[in-house]
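The values are calculated or read from the model by the stated rules, or taken from the named source; none is laboratory data. Given the structure is predicted, the values throughout are model-derived calculations rather than measurements. Reconstructed Cβ throughout: ideal geometry from the backbone, glycine too, with neighbour counts over all protein chains shown.
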Amino acid sequence: MKTHLKGNLMLLLAAFIWGSTFVAQKSGMDLIGPFTFNGIRCLIGGLVLIPVCFLFAKNDPIPENASAEEKKSYNKTLLLGGLCCGIVVFFASNLQQFGLLYTTAGKSGFITVLYVVLTPVCGLFLKQKVRPVTWLCVIMALFGLYLLCFKAGSPINFGDILTFLGALGFTAHILVIDYFSPKVNGVKMSCLQFLVCGCISVPLAFIFEEIDWANVFNCWLPILYAGVLSCGVAYTLQIVAQKDTTPVVACIMMSMESVLQLSAQL
């Protein structure tokens, strides 16, 4: 019970950080493009975690006296987990970021948190059991977020579709973490996922966006805040915490991000 409580508190802290990062995302987007913003912040998040990886190297879930073959298998799983998470984060975060160009912040917050429903539904196909009380919590969370975020008569637009696709990506991210997090060092996998995401986003920024380095330096604070706290801290908390809780409970906890996003706009 204490372990589950610790994991849930870590997820709530991650949700708080993501919610507060919303202001940084919006202000950063006023000056630079989505690929540029996500690429730089992810690289910053990955670089910040490199020294942390050395500090928590002993947390590798593999015995010190493991054979060379076992270490090779572990490293392969770690690299695969980082690669899979990085690709999923790339699609999810960039779709959400592009969606903000075409839709309101409130609708973006609600649609993104549709992973509250999508995660248990996808989990059923993966033969994950969901208790009835958990379904009740999912429905209540979704209804409450709808009342908070949506305005009556608001039509669906292109940004909403992009944001929904991003929600599918965040759903996949939760399920991928659920699979890999018990098998590897969470801090190392988090570091790898952001280096992967950044290395994909930055080249696309040079191809599809006009990078004005003056604007990049002008929004150094939002980028640094999003890179260090959102990427370096919050996503790492998510990976570490999901070892001690279920995907459905995790997404309910993280849905508090949307409430904090709305508060940031008031």
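Observations
- Spans of helices (runs of 4 or more DSSP H) in region 204-255 with at least 1 residues among the aromatic types (Phe, Trp, Tyr) and buried (at least 18 other Cβ atoms within 10 Å of the Cβ): 220-225
- Checking every residue in region 36-59 against the condition of being of a type in the set (A, V, I, L, M, F, W, C), touching a residue at least 12 places away in the same chain (Cβ under 8 Å), surrounded by 14 or more Cβ atoms within 10 Å (Cβ to Cβ) and in contact with an Asp or Glu (Cβ under 9 Å, 6 or more places away or on another chain) gives zero matches.
- Qualifying residue in region 205-225 (condition: out of contact with any strand residue (DSSP E or B) (no Cβ under 7 Å at 6 or more places or on another chain) and within 24 Å of Leu79 (Cβ to Cβ)): no
- Within region 118-166, if we keep just the residues that are under 20 Å from Glu257 (Cα atoms), in a helix (DSSP H, G or I) and over 23 Å from the mean Cα position of the chain (by Cα), the residue that is modelled with the highest pLDDT turns out to be Leu136.
- Lone qualifier among Gly81, Gly86, Gly99 - being touching a Cys at 6+ places or on another chain (Cβ under 7 Å) and either modelled with pLDDT of 80 or more or not small (Gly, Ala, Ser) (or both): Gly86
- Region 34-51 - residue that is within 18 Å of Gly186 (Cβ to Cβ) and not aliphatic (A, V, I, L, M) and, of those, modelled with the lowest pLDDT: Pro51
- Selection from region 1-59 of residues that are small (Gly, Ala, Ser) and either in contact with a Gly (Cβ under 8 Å, 6 or more places away or on another chain) or part of a helix (DSSP H, G or I) (or both): Gly7, Ala14, Ala15, Gly19, Ser20, Ala24, Ser27, Gly28, Gly39, Gly45, Gly46, Ala57
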